[in-house]
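*Asks:* Pasting a structure here, questions to come.
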Amino acid sequence: MAVWLWLIAAGALFVLETLTADLLFASLAVSATAAMLTAWGGGGFLAQGIAFTVSAIVTVFLLRPLALREMAKRTRKTATNTEALLGLGAKTLSAVDADGGQIKLQGEVWSARSSSGTIRAGQHVTVDTIDGAIAVVSPHNT
C-alpha cells in the first residue's frame with residue numbers, strides 16, 4: 001500500500017513541476033521515488049521517511065542549484081515587455097520635442113518625448129527609455 005502512496009505522491013509532484021518549472025517539485029518527486037523504492041524493498045515507515053529526507057536534502061540543496069545554474073548558462077535571456085523596446089529604431093510621425101510627439105514603433109503609433117531637443121517629422125530615432133506609455137527617444141545615429 002505504501003508503494004502506491006509514494007507513487008501517487010511522486011506523480012503529483014512531477015505534475016506540479018510542469019506548472020512551475022523551477023526544479024523544486026521535481027527534486028521532491030525524486031525523493032518520493034526513493035521512498036517508494038524503499039517501501040517496495042520492504043523498508044518500514046521509518047526507513048521510507050529516512051530515504052525521503054536524505055534524498056530531499058541531496059536533491060534540493062545540492063543537485064537543484066547545480067541544475068539551475070546549468071540551465072541559466074544554456075538559456076538565453078530574452079527581453080520582454082518595455083525592456084524589449086529599448087534600443088529599437090522608430091520613425092517620427094510628427095515633430096517630437098520635450099513636450100511630446102508621435103512615433104511609429106514596431107508598427108504601432110506611440111506617444112513620444114525627445115531626450116535631446118526637437119526632432120523633425122520623418123526622422124529615424126532610437127528608443128532610449130519607456131516612461132509609462134511614452135517612448136523617450138533620441139535621433140538615430142547612422
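Please treat every number below as a calculation from the coordinates, not as lab data. This is a predicted model, so every value here is computed, not measured. Every residue, glycine as well, gets a Cβ built from its backbone with ideal geometry; the counts of neighbours run over all protein chains shown.
*Asks:* Taking only DSSP H segments of four or more residues, each worth -39500 (n - 2.57), what value at 222 nm results for the chain once the sum is divided by all its residues, to the nearest 500 deg cm²/dmol?
*Replies:* -14000 deg cm²/dmol
*Asks:* When the chain is fully extended, how far beyond the present Cα-Cα distance does Ile8 get from Phe61, taking 0.36 nm per residue of separation?
*Replies:* 16.7 nm
*Asks:* With loop defined by DSSP as not H, G, I, E or B, and exposure as at most 15 other Cβ atoms within 10 Å, which is the longest segment of the chain clear of exposed trypsin sites (Lys or Arg not before Pro)?
*Replies:* Between the exposed loop sites, the longest stretch runs 1-75.
*Asks:* In whole percent, what relative contact order does segment 2-74 give with Cα contacts below 8 Å and a gap of six or more residues?
*Replies:* Reported relative contact order: 31 percent.
*Asks:* Roughly how many nanometres apart are two label points built 7 Å out from the Cα toward the Cβ at Thr18 and Thr53?
*Replies:* Calculated label separation equals 3.3 nm.
*Asks:* Return the distance in nm (one decimal) between the two label points of a simple spin-label model at Gln123 and Leu86, each offset 7 Å from Cα along Cα→Cβ.
*Replies:* With each label placed 7 Å out from Cα toward Cβ, I get 2.3 nm.
*Asks:* Oh, and also: Relative contact order for the chain: what percent, with Cα pairs under 8 Å and sequence separation of 6 or more?
*Replies:* The value is 15 percent.
*Asks:* Let me ask another. Give me the compactness ratio for the chain, meaning the Cα radius of gyration over 2.2 N^0.38 Å.
*Replies:* My calculation over the Cα atoms of the chain gives 1.90.
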